[in-house]
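A.B. asks: Input: one structure, supplied below.
The values are calculated or read from the model by the stated rules, or taken from the named source; none is laboratory data. What you see is a predicted model, and the numbers here were worked out from it, not measured in a lab. Here the Cβ positions follow ideal geometry from the backbone for every residue, glycine too, while neighbour counts run over all protein chains shown. Accessible surface is based on the protein model in full, side chains and every heavy atom, while ligands, DNA and RNA are left aside. Shrake-Rupley method; radii C 1.70, N 1.55, O 1.52, S 1.80 Å.
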Amino acid sequence: MLFNQMMYAMMVIETVLVLFLCIPLPSNTVRGFVVNCYRTLWMGSRTVQGIFGTFLVLQVWAFGDSMRTLERLKDKETSNDIVSVMEHNRILRNQRNAYISGFGLFMFFLCCRLVYLMNKLHQEREKEKAHEADQNKDD
């Protein structure tokens with residue numbers, strides 16, 4: 001139970017980070033600040049890297065275990081009504097776990113990709129500003 005709550009909490013944290021990265025930013029300075037905050041948080045602290053790495057491994061494990069259990073439970077046929085209700089309950093629980101861990105993995109990789117893209121966009125806009133400043137200085 002605690003494990004599922006931790007996976008859910010991690011998914012919510014990743015979703016908030018992704019949503020924050022998706023909001024429109026008013027200027028390139030703000031974009032640079034946001035990217036630097038994310039990179040400082042991620043690269044600056046071994047503790048944060050360890051926590052996120054551990055949760056990533058746990059999410060991969062939980063997703064794989066849920067999918068394996070789902071396949072095993074779907075192949076099993078039962079004749080007793082009570083047993084079939086219990087098996088159906090286990091299938092639903094594993095489906096929920098698969099959705100939570102799968103969405104958490106998706107959010108993790110989406111967050112990494114968004115930080116990379118925002119960093120590239122920030123660098124390109126800085127180059128463009130420098131190029132425009134050089135052109136205006138030459139005129």
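A.B. asks: So Arg72 ticks every box in (1) modelled with pLDDT under 85; (2) surrounded by 14 or more Cβ atoms within 10 Å (Cβ to Cβ) but one. Which box is left unticked?
C.D. replies: Exception for Arg72: condition (2).
A.B. asks: Within segment 90-100, how many residues turn out to be of a type in the set (Lys, Arg) and either open to solvent by less than 80 Å² (accessible area, probe 1.4 Å) or modelled with pLDDT of 90 or more (or both)? Write out each step before concluding.
C.D. replies: From segment 90-100, those of a type in the set (Lys, Arg) are 90, 93, 96; that's our starting set.
Then drop every residue that is not either open to solvent by less than 80 Å² (accessible area, probe 1.4 Å) or modelled with pLDDT of 90 or more (or both), which leaves none.
Result for segment 90-100: 0.
A.B. asks: Please verify whether segment 34-47 includes one or more residues that are within 19 Å of Met118 (Cβ to Cβ) and open to solvent by 100 Å² or more (accessible area, probe 1.4 Å).
C.D. replies: So the first thing to find is which residues in segment 34-47 are within 19 Å of Met118 (Cβ to Cβ), and the list is 34-44.
The next check asks that each one be open to solvent by 100 Å² or more (accessible area, probe 1.4 Å); those that pass are 39, 43.
Checked against the condition, which is being within 19 Å of Met118 (Cβ to Cβ) and open to solvent by 100 Å² or more (accessible area, probe 1.4 Å), segment 34-47 yields at least one hit.
A.B. asks: Identify, please: which residue in segment 21-41 is part of a helix (DSSP H, G or I) and without any contact (Cβ under 8 Å) to a residue 12 or more places away in the chain and is, among those, nearest to Leu105 (Cα to Cα)?
C.D. replies: As a first pass, look at segment 21-41 and keep what is part of a helix (DSSP H, G or I): 21-22, 28-41.
Restricting the remaining residues to those that are without any contact (Cβ under 8 Å) to a residue 12 or more places away in the chain gives 29-30, 33, 36-37, 40-41.
Values: Thr29: 30, Val30: 27, Phe33: 26, Asn36: 23, Cys37: 22, Thr40: 22, Leu41: 19 Å.
Ranking the candidates gives Leu41 first.
A.B. asks: Select, from Phe109, Phe103, the only residue that is surrounded by 16 or more Cβ atoms within 10 Å (Cβ to Cβ), modelled with pLDDT of 85 or more, assigned to a helix (DSSP H, G or I) and among the aromatic types (Phe, Trp, Tyr). Outline the logic, then answer.
C.D. replies: Details: Phe109 fails: surrounded by 16 or more Cβ atoms within 10 Å (Cβ to Cβ).
Answer to the selection: Phe103.
A.B. asks: Quick one: in segment 1-33, which of the residues that are over 29 Å from Lys127 (Cβ atoms) and over 12 Å from the mean Cα position of the chain (by Cα) is most open to solvent (accessible area, probe 1.4 Å)? Even if it seems obvious, please write down each step before you answer.
C.D. replies: Here is the first cut: in segment 1-33, the ones over 29 Å from Lys127 (Cβ atoms) are 1-16.
So of that shortlist, the ones also over 12 Å from the mean Cα position of the chain (by Cα) come out as 1-6.
On the way: Met1: 166, Leu2: 115, Phe3: 61, Asn4: 40, Gln5: 105, Met6: 70 Å².
For segment 1-33, the residue satisfying everything is Met1.
A.B. asks: Which condition number in (1) at pLDDT below 85; (2) closer than 26 Å to Cys37 by Cβ is the one that Asp138 fails?
C.D. replies: (2)
A.B. asks: Looking at segment 56-64, can you tell me whether even one residue there is surrounded by 11 or more Cβ atoms within 10 Å (Cβ to Cβ), modelled with pLDDT under 85, within 13 Å of Gly104 (Cα to Cα) and not acidic (Asp, Glu)?
C.D. replies: The first filter runs over segment 56-64 and keeps only residues surrounded by 11 or more Cβ atoms within 10 Å (Cβ to Cβ), leaving 56, 58-64.
Still in the running and modelled with pLDDT under 85: none.
Among the residues of segment 56-64, not one is surrounded by 11 or more Cβ atoms within 10 Å (Cβ to Cβ), modelled with pLDDT under 85, within 13 Å of Gly104 (Cα to Cα) and not acidic (Asp, Glu), which makes the answer no.
A.B. asks: Before we move on, is His88 part of a helix (DSSP H, G or I) and either farther than 18 Å from Val35 by Cβ or aliphatic (A, V, I, L, M) (or both)? Don't jump to the end; show me each part of the working.
C.D. replies: Working: part of a helix (DSSP H, G or I): yes; either farther than 18 Å from Val35 by Cβ or aliphatic (A, V, I, L, M) (or both): yes.
Yes.
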